[in-house]
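> Structure incoming, see below.
The values are calculated or read from the model by the stated rules, or taken from the named source; none is laboratory data. Please read these numbers as outputs of a predicted model, since none were measured by experiment. All Cβ positions, glycine included, derive from the backbone under ideal geometry; neighbour counts span all protein chains shown. Side chains are part of the model used for accessible areas, which takes the heavy atoms of the whole protein and leaves out ligands, DNA and RNA. Shrake-Rupley method; radii C 1.70, N 1.55, O 1.52, S 1.80 Å.
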Amino acid sequence: MSFLDRIAECNNWQPAGFRPFLVAATEVGQVGDAFADRLADFPDVFRVDADAVRLHEELGDFRSRTAAVDAVLRQLADEGLIRGWRDEAYPIATAWGAEALLQMERAAVPFFGASSYGVHLNGFVRDGERILMWIGRRARDKHTYPGMLDNTVAGGQPIGLSLRDNLAKEAAEEAAIPRALADRAVAVGAISYRHQTAEGYKPDVQFCYDLELPRDFVPHNTDGEIESFHLWPIEQVAEIVAETRDFKFNCNLVVIDFLVRHGILDPSRPDYLAIVRGLHR
């Protein structure tokens, strides 16, 4: 296995079997055929044909679209089709920074193949010339990716919250990092991918941050989502990413991006440019 294997696993979307999801005549996602057939049972909300799934044109503003779609999603959740409801709303828009056309329950977004966003923080420590990274292990009872390794801090980007405020919130909840320390995190870019799951399509973007932590700081979880933290040499973290599937799929890309930016992956590698290109899809 290799870093390119991890990148390929994040970019496994197969467009066959999906059709565009349009809101106000603008594509904002991709819906799998089976889910499209289910949405056809709600003709007052969705117009479904062989070419596309369209939100009903009479739903002409943010509030009416959000309310109508939410009612459908709650019914599908009650039926067990949409699982892991979080009461966390994501914006549905044509691009990052564009005005949201509606908001949607986080657990439902992959069914519609709309882009979602998140913040991921690499917490690391320097020991002379060595770099060590704090790695979390997700709680065994989490609905998604239980027991897998994770970045120091990571969380989805809800509607109505700035990236910086969201990062601070997640840092406090997941790793007990105080706001003053979290505010020292440096925005270093973003990774993106096109991932397919049993629920649907995830054309997602994760904004990446680096935070050099004091050597005496030990993160601990406060919201029950992380089982434990481990401080490992960056070479060990790199080996785990390259040789195993122990990390949650997208966290691999965040680590690989760190390895590239900190010169741990050497440009003389034959696969170097393929790795760099693969982090942005």
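> Run Ser115 past the list (1) in contact (Cβ under 8 Å) with a residue 12 or more places away in the chain; (2) more than 22 Å from His280 (Cβ to Cβ); (3) not aromatic (Phe, Trp, Tyr) and report the number of the one that doesn't hold.
(2)
> Any residue in the range 39-51 that is basic (Lys, Arg) and either touching a helix residue (DSSP H, G or I) at 6+ places or on another chain (Cβ under 8 Å) or in a helix (DSSP H, G or I) (or both)? If you could, list the steps in order and put the result at the bottom.
Residues of the range 39-51 that are basic (Lys, Arg), as a first pass: 47.
Of the ones still in play, those that are also either touching a helix residue (DSSP H, G or I) at 6+ places or on another chain (Cβ under 8 Å) or in a helix (DSSP H, G or I) (or both) are none.
Among the residues of the range 39-51, not one is basic (Lys, Arg) and either touching a helix residue (DSSP H, G or I) at 6+ places or on another chain (Cβ under 8 Å) or in a helix (DSSP H, G or I) (or both), which makes the answer no.
> When you check Asn122 against the structure, is it in contact (Cβ under 8 Å) with a residue 60 or more places away in the chain and touching a Phe, Trp or Tyr at 6+ places or on another chain (Cβ under 6 Å), yes or no?
Working: in contact (Cβ under 8 Å) with a residue 60 or more places away in the chain: yes; touching a Phe, Trp or Tyr at 6+ places or on another chain (Cβ under 6 Å): yes.
Considered against the rule, which asks whether it is in contact (Cβ under 8 Å) with a residue 60 or more places away in the chain and touching a Phe, Trp or Tyr at 6+ places or on another chain (Cβ under 6 Å), Asn122 comes out as yes.
> Report, by residue number, each residue of the range 18-46 that is within 14 Å of Ala68 (Cα to Cα), among the aromatic types (Phe, Trp, Tyr) and open to solvent by less than 20 Å² (accessible area, probe 1.4 Å).
Matches in the range 18-46: Phe46 only.
> Considering Gln75, Gln103, which residue is of a type outside the set (D, E, K, R), in a helix (DSSP H, G or I) and either touching a helix residue (DSSP H, G or I) at 6+ places or on another chain (Cβ under 9 Å) or surrounded by fewer than 16 Cβ atoms within 10 Å (Cβ to Cβ) (or both)?
Gln75
> Here is a list: Arg65, Arg86. Which entry is closer than 24 Å to Asp41 by Cα and either open to solvent by 60 Å² or more (accessible area, probe 1.4 Å) or modelled with pLDDT of 95 or more (or both)? Step through it out loud before you land on a result.
On the way: Arg86 fails: closer than 24 Å to Asp41 by Cα.
Only one candidate qualifies: Arg65.
> Sticking with this structure for a sec: Would you check which residues across the range 119-153 are of a type in the set (Gly, Ala, Ser) and surrounded by 24 or more Cβ atoms within 10 Å (Cβ to Cβ) and list them?
Of everything in the range 119-153, those that are of a type in the set (Gly, Ala, Ser) and surrounded by 24 or more Cβ atoms within 10 Å (Cβ to Cβ) turn out to be Gly123, Gly136.
Rundown of residues vs (1) open to solvent by 40 Å² or more (accessible area, probe 1.4 Å); (2) in contact with a strand residue (DSSP E or B) (Cβ under 6 Å, 6 or more places away or on another chain), yes/no style:
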residue: Ser192; (1), (2): no, yes
residue: Gly200; (1), (2): no, yes
residue: Ile226; (1), (2): no, yes
residue: Val260; (1), (2): no, no
residue: Asp266; (1), (2): yes, no
residue: Pro270; (1), (2): yes, no
residue: Arg281; (1), (2): yes, yes
